[in-house]
Amino acid sequence: MERDNHCSFCSRAAVILGSDEKTRLCQDHLLEDLLRRVNDTIQTNNLIQPGDHIAVALSGGKDSTALILLLSSILKSRTDITVTAITIDEGITGYREETLQNAKNMVKILGINHYILSFAELFGKDLDHLLLGKTHRACTICGVLRRKALTVAARTIGATKIATGHNRDDEAQSVLMNVMRGDITRLVQDSREGSPGLFLPRIKPLSAIYEKELLIYLYVTGHYIELPECPYASTALRREIREIISLFRYKHPEACDGLIDFRDKVRNCNLLTPDPNTIQHCRICKEPCNGDICQACLILRPTIPKYQL
Amino acid sequence: MQIILPDKSSRIISKDNVPIREILLDLGFAPSGVIVIKNGSVVPDDLIAGDDDEIRIIKIAHGG
Ligand SMILES: [Zn+2]
Ligand SMILES: [Zn+2]
């Protein structure tokens with residue numbers, strides 16, 4: 001017998017269950033719900049202030065595509081806020097071409113400025129070449145370098161903040177990963193505030209939204225494009241953690257919330273308030289970092305002469 | 001019913017009036033990791049599928 005599949009708020013067909021698993025939402029009410037929750041995240045955490053120039057990290061994958069769509073909609077009446085999309089082209093053959101094209105299409109549709117910076121331009125080599133013989137560390141290396149490239153790009157365009165498309169699943173995965181690595185510094189690190197003259201604040205407006213909601217939103221609004229998965233992703237611990245959590249979520253729906261709750265409680269204990277006096281500047285690139293040489297320069301040094309001092 | 005898997009391959013399973021969520025779990029997919037298209041429309045996975053239905057499963061790729 002067919003179950004009644006009407007939206008809980010109107011007569012249209014539902015496309016998703018609400019986060020309480022009881023309400024049913026049609027396409028329009030899903031969008032309304034997403035906008036409300038993203039707005040809540042922004043307001044509650046005071047993520048955006050008048051005068052901000054937000055660099056939206058737009059890889060062209062699903063999360064960043066949803067981010068730029070939702071953020072543009074929320075900020076469309078705010079003439080005091082500037083949004084620029086930044087795409088970092090790591091240079092991953094067979095993967096980057098399509099996502100880059102999708103990013104270009106999105107900014108065109110939305111009429112947003114776009115700044116593209118490639119690893120080759122910035123570091124002298126693309127990721128494929130930087131990874132030769134080191135593919136087992138691909139995600140770590142790429143993550144460190146992409147972070148640096150984003151910072152450089154955001155500073156170049158004069159942004160005051162970097163917004164990334166991290167969703168609630170990503171957040172939960174990061175908690176479990178950091179716990180499994182025993183990395184309490186990463187666990188409690190909160191990059192929302194930034195630090196004047198040192199780090200640009202990094203904000204995650206989608207941190208309350210599950211990736212399934214984002215994909216369904218893209219699908220029903222015609223923005224879903226089947227994109228290849230990064231060829232290096234299979235090497236990552238995150239992939240396995242992701243499987244574990246999604247299976248757990250089915251059996252124990254509160255598992256994801258519990259992980260994030262745990263992180264927030266640990267954060268509130270202020271175990272590791274960073275002492276601004278311990279922050280040094282990298283000897284090579286002069287970026288602020290915790291040691292003598294920053295993570296990015298440590299990676300680049302063996303292969304690229306300009307990082308060899 | 002006809003199932004179209006994320007890799008585009010399809011298979012027929014002979015089940016009638018089963019919750020889609022059960023089919024997903026039988027096939028080894030976590031419900032939070034996929035979206036379900038029933039006869040061309042995205043649907044919540046608590047719906048029931050019958051013998052004449054076509055169910056397409058899209059796996060949520062990580063990243064981006
Ligand atoms: Zn509705
Ligand atoms: Zn450096």
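The values are calculated or read from the model by the stated rules, or taken from the named source; none is laboratory data. Owing to the predicted nature of the structure, the values given are computational and were not obtained by experimental measurement. Neighbour counts are summed over all protein chains in view; Cβ atoms, including those assigned to glycine, are modelled from backbone coordinates with ideal geometry.
Quick one: would you say B:Ser9 is closer than 19 Å to B:Asp52 by Cβ, of a type in the set (Gly, Ala, Ser) and exposed (fewer than 12 other Cβ atoms within 10 Å of the Cβ)? Against the criterion (closer than 19 Å to B:Asp52 by Cβ, of a type in the set (Gly, Ala, Ser) and exposed (fewer than 12 other Cβ atoms within 10 Å of the Cβ)), B:Ser9 does not qualify. In summary, A:Leu227 fulfils each of the numbered conditions (1) of a type in the set (A, V, I, L, M, F, W, C); (2) within 23 Å of A:Leu69 (Cβ to Cβ); (3) outside any loop (DSSP other than H, G, I, E, B) with the single exception of condition (3). Out of the residues in region A:280-292 that are hydrophobic (A, V, I, L, M, F, W, C) and over 18 Å from A:Thr185 (Cα atoms), which is farthest from ligand 1 (Cβ to nearest atom)? It comes out as A:Ile284.
Annotation: A:Thr151 fulfils all but one of (1) part of a helix (DSSP H, G or I); (2) surrounded by 21 or more Cβ atoms within 10 Å (Cβ to Cβ); the unmet one is (2). All conditions in (1) of a type in the set (A, V, I, L, M, F, W, C); (2) within 12 Å of chain B (Cβ to nearest Cβ); (3) out of contact with any helix residue (DSSP H, G or I) (no Cβ under 7 Å at 6 or more places or on another chain) hold for A:Leu198, with the sole exception of (2).
All conditions in (1) within 16 Å of ligand 1 (Cβ to nearest atom); (2) free of Cβ contacts under 8 Å to residues at least 24 places away in the same chain; (3) β-branched (Val, Ile, Thr) hold for A:Val15, with the sole exception of (2). For B:Val36, the stated conditions do not hold, so it cannot be described as at the interface with chain A (Cβ under 8 Å from one of its Cβ atoms), free of Cβ contacts under 8 Å to residues at least 60 places away in the same chain and closer than 24 Å to A:Cys26 by Cβ.
If I go through region A:230-243 residue by residue, how many of them are within 9 Å of chain B (Cβ to nearest Cβ) and in contact (Cβ under 8 Å) with a residue 40 or more places away in the chain? Result for region A:230-243: 5. Only residues that are facing chain B (nearest Cβ under 10 Å), within 16 Å of ligand 1 (Cβ to nearest atom) and either buried (at least 21 other Cβ atoms within 10 Å of the Cβ) or touching a residue at least 24 places away in the same chain (Cβ under 8 Å) (or both) were counted in region A:18-61, giving 4. Taking the listed residues A:Tyr250, A:Tyr217, the one that is within 16 Å of ligand 1 (Cβ to nearest atom) and not in a loop (DSSP other than H, G, I, E, B) is A:Tyr217, with no other qualifying. Suppose we keep only residues that are surrounded by fewer than 18 Cβ atoms within 10 Å (Cβ to Cβ) and facing chain A (nearest Cβ under 8 Å) within region B:12-33. Which one would you say is farthest from A:Arg12 (Cα to Cα)? In this case the residue turns out to be B:Leu25.
For A:Ala103, the conditions (1) more than 14 Å from chain B (Cβ to nearest Cβ); (2) among the small types (Gly, Ala, Ser); (3) assigned to a helix (DSSP H, G or I); (4) crowded, with 17+ Cβ neighbours inside 10 Å all hold with the exception of (1). Looking only at region A:2-27, residues that are under 25 Å from the mean Cα position of the chain (by Cα), modelled with pLDDT of 95 or more and either within 16 Å of ligand 2 (Cβ to nearest atom) or not β-branched (Val, Ile, Thr) (or both) come to 1 in all. Being within 13 Å of chain B (Cβ to nearest Cβ), within 13 Å of ligand 1 (Cβ to nearest atom) and either among the charged types (D, E, K, R) or exposed (fewer than 15 other Cβ atoms within 10 Å of the Cβ) (or both) is the requirement here; does A:His6 meet it? Here the answer is yes, as A:His6 does meet what is asked.
The residue that is modelled with the lowest pLDDT, counting only those in region A:261-309 that are closer than 17 Å to A:Leu200 by Cα, touching a helix residue (DSSP H, G or I) at 6+ places or on another chain (Cβ under 8 Å) and part of a loop (DSSP other than H, G, I, E, B), is A:Asn290. Taking region A:111-131 as the range and being part of a helix (DSSP H, G or I) and either more than 23 Å from A:Arg155 (Cα to Cα) or more than 20 Å from the chain's Cα centre (by Cα) (or both) as the test, the residues that pass are A:Ala120, A:Glu121, A:Leu122, A:Phe123, A:Asp128, A:His129, A:Leu130.
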